[in-house]
Amino acid sequence: MPSITLYTSASHRLDAGVFAEFSTTLTRLAKEILKAKENNIHISYLTAEIGFGTPVYFEAKLRQEVFRTVPVLDEFMHQVDLLIKEKTGVTARIRCFSFEAGNIYAKN
């Protein structure tokens with residue numbers, strides 16, 4: 001973990017090159033701010049039919065760790081906000097969900 005998904009409407013879809021830059025920067029932020037191990041970071045990019053709300057939505061699911069304090073998560077979300085604004089021109093809805101390790105069941 002973290003498992004990160006960026007949802008965009010078709011009109012705000014990033015081209016492949018921009019998404020590659022976005023992913024590289026997001027991976028760096030996850031490693032530096034969240035102290036995530038590179039092999040645990042997963043980033044997905046989905047084009048979605050947005051029925052209502054902002055055309056860009058960011059969701060991160062994280063394992064709760066003692067070093068992932070509220071200020072750390074605030075800084076991560078702030079940096080993600082800047083990155084999304086830079087790449088899409090949109091103020092996105094950003095959500096981070098933190099789960100205790102005992103509540104995560106995973107394979108691979």
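The values are calculated or read from the model by the stated rules, or taken from the named source; none is laboratory data. Everything numeric in this text was worked out from a predicted model, so none of it was measured. Neighbour counts are summed over all protein chains in view; Cβ atoms, including those assigned to glycine, are modelled from backbone coordinates with ideal geometry. With ligands, DNA and RNA removed, areas are computed over all heavy atoms of the protein, side chains included. Shrake-Rupley method; radii C 1.70, N 1.55, O 1.52, S 1.80 Å.
Would you pick out the residues in the range 54-99 that are part of a loop (DSSP other than H, G, I, E, B) and surrounded by 12 or more Cβ atoms within 10 Å (Cβ to Cβ)?
Thr54, Pro55, Gln64, Glu65, Arg68, Val90, Ala92
Given the criteria touching a His at 6+ places or on another chain (Cβ under 6 Å) and within 19 Å of Phe99 (Cβ to Cβ), does Ser3 qualify?
Yes, satisfied.
Residues in the range 21-28: is at least one open to solvent by less than 80 Å² (accessible area, probe 1.4 Å) and among the acidic types (Asp, Glu)?
No, that holds for no residue.
Checking Gln64 against (1) without any contact (Cβ under 8 Å) to a residue 60 or more places away in the chain; (2) farther than 16 Å from Met1 by Cα, which test does it fail?
For Gln64, the exception is condition (2).
So, of the residues in the range 1-17 that are in contact with a helix residue (DSSP H, G or I) (Cβ under 6 Å, 6 or more places away or on another chain) and open to solvent by 40 Å² or more (accessible area, probe 1.4 Å), which turns out to be modelled with the lowest pLDDT?
Restricting to residues being in contact with a helix residue (DSSP H, G or I) (Cβ under 6 Å, 6 or more places away or on another chain) and open to solvent by 40 Å² or more (accessible area, probe 1.4 Å), the top hit is Met1.
For Arg28, work out the one condition from (1) within 12 Å of Leu6 (Cβ to Cβ); (2) modelled with pLDDT of 95 or more it doesn't fulfil.
(1)
Kindly check whether there is at least one residue in the range 33-40 that is assigned to a helix (DSSP H, G or I) and touching a Ser or Thr at 6+ places or on another chain (Cβ under 8 Å).
Checked the range 33-40: at least one residue is assigned to a helix (DSSP H, G or I) and touching a Ser or Thr at 6+ places or on another chain (Cβ under 8 Å).
Here is a check on your reading of the model: is Ser44 part of a strand (DSSP E or B), out of contact with any His (no Cβ under 9 Å at 6 or more places or on another chain) and exposed (fewer than 15 other Cβ atoms within 10 Å of the Cβ)?
When the stated conditions are applied, Ser44 passes them.
Quick one: Gly102 ticks every box in (1) at pLDDT 90 or above; (2) open to solvent by 50 Å² or more (accessible area, probe 1.4 Å); (3) in a helix (DSSP H, G or I) except a single one, so which number is it?
With respect to (1) at pLDDT 90 or above; (2) open to solvent by 50 Å² or more (accessible area, probe 1.4 Å); (3) in a helix (DSSP H, G or I), Gly102 is out only on (1).
Of the residues in the range 24-61, how many are under 19 Å from Ala92 (Cα atoms), touching a residue at least 24 places away in the same chain (Cβ under 8 Å) and not polar (S, T, N, Q)?
Here the count works out to 17.
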